[in-house]
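Novice: What follows is a single structure, and I will ask about it in a moment.
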């Protein structure tokens with residue numbers, strides 16, 4: 001009886017919403033120009049510490065569901081083993097983790113649940129710290145690589161200083177060099 005009543009209410013609601021025109025709004029304006037929300041966001045104006053903090057935040061909150069699942073599972077295994085030695089009988093599985101639990105399972109206390117959340121948050125923060133260290137090392141190596149390569153248009157030595165005159169020239173300038181370095185006696 002109750003199922004028929006719910007079915008009739010759903011059918012009634014669907015029928016009258018379609019007649020009343022309470023459908024989704026339709027836009028009549030079609031443009032090819034992207035709206036403000038479709039334009040890519042430029043992060044070049046932010047300092048590097050803000051970008052790193054945002055990355056840390058994303059990694060920490062992104063790993064929390066996975067770390068919560070694992071922390072919950074392993075805390076349940078610890079409870080199960082410390083309570084009755086991981087007994088697989090139906091009475092012993094009341095403390096078992098989710099896939100192995102039996103009917104009438106004992107729920108966690110507030111302190112156990114709080115500890116599970118603290119463990120999961122700690123795991124997430126550790127992952128974020130490890131990611132931050134790895135990311136900073138990559139940035140440092142890239143910066144060292146960029147700084148170690150000479151910029152284009154820099155001065156290059158075309159002969160060893162021991163040879164002849166030791167002319168140093170700029171590759172962007174003309175090859176006609178009128179000036180010669182002073183003789184060693186002038187020093």
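Novice: I'd like the FRET efficiency for residue 145 and residue 70, computed as 1/(1 + (r/R0)^6) with the beta carbon distance as r and R0 of 22 Å, rounded to 0.05.
Specialist: Efficiency, from the Cβ-Cβ distance: 0.05.
Novice: Calculated FRET efficiency, residue 105 and residue 57, Cβ-Cβ r, R0 25 Å, to nearest 0.05?
Specialist: Working from the Cβ atoms, E equals 0.10.
Novice: Could you calculate the FRET efficiency of residue 41 with residue 133 from 1/(1 + (r/R0)^6), where r is the beta carbon distance between them and R0 is 25 Å, rounded to 0.05?
Specialist: So the FRET efficiency works out to roughly 0.40.
Coordinate-derived values only; no laboratory data. Quick caveat, the model's predicted, so the values are computed rather than measured. Because the Cβ atoms are built from the backbone with ideal geometry, glycine has one as well, and the counts that use them run over all protein chains shown.
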